[in-house]
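**Q** Handing you this structure, nothing more for now.
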Amino acid sequence: MSMFDIWLGILQGLGITLEVTAYGLVFAVPFALVFGVAQFVTTGWTRFLVTAIIEFWRSSAVVVLLFVFYYVLPVMGVTLSALTVSALVLGLNTGGYASQAVRAGLQSLPAGQREAGMALGLTRPAILVLIELPQALVAMSPTFVNNLIQLVKATSLVSLVTLTDMTFRAKEISQTEYDPVAIYSALLLAFFAVCYPIALAGRWLEARVNPHKGAQRGI
Amino acid sequence: MGFNLDFALSTIPTIIGAIRATLLATVLSCLGASALGFTFEIIRRGGGAPGLAVRFLIDFIRSTPVLAWLYFLYFVMPFYGIRLGAMTVGIMGLSLYYSGYLAEVFKAGIDAIPKGQQEAARSLSLSRRDTLVFVIAPQMLRNVAAPLGNYLVSILKATPYLAILAVPEMLGRAFDIASETYRYAEPLTVAGILFLALALIVAYGVKRIEQRLLASGRR
């Protein structure tokens with residue numbers, strides 16, 4: 001098998017990798033928005049509850065979380081496909097991280113923004129949606145790009161719950177071909193080909209959103 | 001076959017027994033990643049061809065999943081006749097993966113030191129190495145302590161990846177129980193709760209140390 005065949009073989013798993021990523025975003029984006037905003041606007045016990053849910057998804061090890069949900073849900077009588085469980089776990093884990101960016105973005109806005117909205121007679125939800133969120137989300141967009149890269153990389157885990165993503169294909173090929181150097185280099189390169197363009201897009205965004213940062217270089 | 005709470009409780013001692021391997025992997029990987037990351041950052045700052053190569057290597061590491069790196073090291077090293085234990089390979093993999101992130105932490109830590117420090121060192125005709133060791137590094141340590149602590153927690157949450165290489169850390173031990181008893185839900189749930197608890201405890205400790213450093217910095 002030539003290097004090129006190995007590459008093609010691994011790329012057959014690209015579809016699943018992208019599918020899990022896209023499906024994961026379906027969970028991650030709403031979770032990050034709802035819980036990030038909730039942590040910002042609530043107080044007292046409600047805030048404690050919101051924080052606890054975020055911390056569960058964010059502070060758990062994602063590897064363990066995936067296995068727990070994969071094996072425990074059926075015992076509880078909930079049968080989901082491996083794809084759904086993976087998207088749910090990886091998505092909500094990423095959503096947990098992104099929710100902190102949403103909250104931090106909202107907190108870092110000057111109070112004058114909200115006060116100006118109040119002076120105009122806007123309601124609290126209107127201030128949030130029309131004034132605060134647009135600014136916070138733009139300011140935090142480079143962080144969201146990093147979260148997306150983390151999600152793409154975490155999809156390699158679905159190979160452990162029987163989905164035939166790129167990592168799974170690499171292992172399949174290595175069962176018939178003894179050429180670990182070519183196979184696993186190709187796997188790393190395949191992920192690099194997917195993630196690096198996203199990282200470059202993130203840097204471009206960062207330069208646009210924070211033009212003053214990054215100019216300094218010492219030593 | 002529901003969730004058997006008594007069985008779950010009976011697996012706790014065995015899984016907690018593996019906490020030493022989990023913590024050992026965490027600490028050694030963090031030290032390895034710090035040493036490698038700092039070296040990368042110094043080479044990158046040196047510029048030239050080595051600087052450019054390391055800059056690309058850091059981007060490459062950050063664009064590829066840790067699981068792919070673990071497989072790469074685990075299968076490629078024996079191909080070249082290097083036979084190491086799974087634990088050693090796992091620690092090497094985590095060190096390499098997180099060095100890409102810690103290099104960025106060290107970069108930010110060094111960038112934050114006022115330029116006058118370096119100019120003062122040069123006017124005292126200190127060598128480049130002495131400037132680095134006696135002027136830059138000590139001041140950098142305070143800047144990097146907080147992000148380094150956060151990565152310590154991240155590395156802790158990445159150690160269950162080593163179970164995939166059959167390292168007997170906490171998740172690995174949970175899988176051992178599962179394959180002996182054909183019951184997956186209980187040991188995995190226990191491992192999940194233990195990992196979450198451990199991550200929260202370590203994160204709390206890191207936060208406390210961070211607050212102390214901040215307080216001593218203000219004095």
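The values are calculated or read from the model by the stated rules, or taken from the named source; none is laboratory data. Bear in mind that the values here come from a model prediction, so they are computed numbers and not experimental data. When we count neighbours, we look across all protein chains shown, and the Cβ atoms used for this are built from the backbone with ideal geometry, even at glycine.
**Q** Which of the residues belonging to the stretch A:102-146 are within 24 Å of A:Ala28 (Cβ to Cβ) and of a type in the set (Ser, Thr, Tyr)?
**A** A:Ser108, A:Ser141, A:Thr143
**Q** In the stretch A:169-178, how many residues are within 10 Å of chain B (Cβ to nearest Cβ) and either assigned to a helix (DSSP H, G or I) or buried (at least 18 other Cβ atoms within 10 Å of the Cβ) (or both)?
**A** The number of residues fulfilling the criteria is 3.
**Q** Here's a follow-up. Can you give me the ranges of the helices (runs of 4 or more DSSP H) entirely in the stretch B:1-75 with at least 1 residues that are among the polar types (S, T, N, Q) and modelled with pLDDT of 95 or more?
**A** It comes to B:19-46.
**Q** Only one of these is within 30 Å of B:Leu5 (Cβ to Cβ), in contact with a helix residue (DSSP H, G or I) (Cβ under 7 Å, 6 or more places away or on another chain) and surrounded by fewer than 15 Cβ atoms within 10 Å (Cβ to Cβ): A:Leu80, A:Leu88, A:Leu157, A:Leu73. Name it.
**A** When all the criteria are applied, what remains is A:Leu80.
**Q** If B:Thr22 meets every condition in (1) of a type in the set (Ser, Thr, Tyr); (2) free of Cβ contacts under 8 Å to residues at least 60 places away in the same chain; (3) more than 9 Å from chain A (Cβ to nearest Cβ) apart from one, which number is that one?
**A** The failed condition is (2).
**Q** Is there any pair with a first residue in the stretch A:139-165 that is charged (D, E, K, R) and a second that is not in a helix (DSSP H, G or I) whose Cβ atoms are under 6 Å apart and which are 6 or more apart or on different chains, and what are they?
**A** A:Lys153/B:Pro65; A:Asp165/A:Gly13
**Q** Can you find, within the stretch B:147-176, the residue that is nearest to the chain's Cα centre (by Cα) among those that are of a type in the set (Gly, Ala, Ser), more than 8 Å from chain A (Cβ to nearest Cβ) and within 15 Å of B:Leu31 (Cα to Cα)?
**A** B:Ser154
Here is a yes/no grid of residues against (1) under 25 Å from B:Arg20 (Cβ atoms); (2) basic (Lys, Arg):
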{"position": "B:Trp69", "(1), (2)": "yes, no"}
{"position": "B:Phe75", "(1), (2)": "no, no"}
{"position": "B:Leu94", "(1), (2)": "yes, no"}
{"position": "B:Lys107", "(1), (2)": "no, yes"}
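**Q** Quickly run through the stretch B:123-142 and pick out the residues that are among the charged types (D, E, K, R) and modelled with pLDDT of 90 or more.
**A** Selection gives B:Asp130 alone.
**Q** Failed condition for B:Ile82, given (1) at the interface with chain A (Cβ under 9 Å from one of its Cβ atoms); (2) among the hydrophobic types (A, V, I, L, M, F, W, C); (3) not in a helix (DSSP H, G or I), with all others met?
**A** (1)
**Q** Would it be correct to say that A:Ile183 is free of Cβ contacts under 8 Å to residues at least 24 places away in the same chain, hydrophobic (A, V, I, L, M, F, W, C) and crowded, with 17+ Cβ neighbours inside 10 Å?
**A** Taking the combined requirement at face value, the residue does not satisfy it.
**Q** Determine whether A:Ser141 is surrounded by fewer than 19 Cβ atoms within 10 Å (Cβ to Cβ), under 27 Å from A:Leu88 (Cβ atoms) and either polar (S, T, N, Q) or in contact with a Lys or Arg (Cβ under 8 Å, 6 or more places away or on another chain) (or both).
**A** Here the answer is yes, as A:Ser141 does meet what is asked.
**Q** Name the residue, out of B:Asp6, B:Asp59, that is at negative phi, free of Cβ contacts under 8 Å to residues at least 60 places away in the same chain and under 19 Å from the mean Cα position of the chain (by Cα).
**A** The match here is B:Asp59.
**Q** Does any residue of the stretch A:161-168 turn out to be more than 9 Å from chain B (Cβ to nearest Cβ), out of contact with any helix residue (DSSP H, G or I) (no Cβ under 7 Å at 6 or more places or on another chain) and surrounded by fewer than 17 Cβ atoms within 10 Å (Cβ to Cβ)?
**A** Checking the stretch A:161-168: not a single residue is more than 9 Å from chain B (Cβ to nearest Cβ), out of contact with any helix residue (DSSP H, G or I) (no Cβ under 7 Å at 6 or more places or on another chain) and surrounded by fewer than 17 Cβ atoms within 10 Å (Cβ to Cβ).
**Q** Report yes if A:Ala111 is over 27 Å from A:Leu200 (Cα atoms), hydrophobic (A, V, I, L, M, F, W, C), without any contact (Cβ under 8 Å) to a residue 12 or more places away in the chain and surrounded by fewer than 21 Cβ atoms within 10 Å (Cβ to Cβ), otherwise no.
**A** So A:Ala111 fits the description; yes.
**Q** Continuing with this model, one more query. Filter the stretch A:179-202 down to the residues that are facing chain B (nearest Cβ under 10 Å) and not hydrophobic (A, V, I, L, M, F, W, C), then identify the one that is farthest from the chain's Cα centre (by Cα).
**A** A:Asp179
**Q** The conditions are (1) under 20 Å from B:Ala146 (Cα atoms); (2) touching a residue at least 24 places away in the same chain (Cβ under 8 Å), and B:Leu200 fails exactly one of them. Which is it?
**A** (2)
**Q** Check A:Leu73, A:Leu49, A:Leu8 and return the single one that is over 15 Å from the mean Cα position of the chain (by Cα) and in contact (Cβ under 8 Å) with a residue 12 or more places away in the chain.
**A** A:Leu73
**Q** Any idea which residue in the stretch B:85-117 is surrounded by the fewest Cβ atoms within 10 Å (Cβ to Cβ), counting only those that are at the interface with another protein chain (Cβ under 7 Å from one of its Cβ atoms) and free of Cβ contacts under 8 Å to residues at least 12 places away in the same chain?
**A** Per the stated criteria, the residue is B:Lys115.
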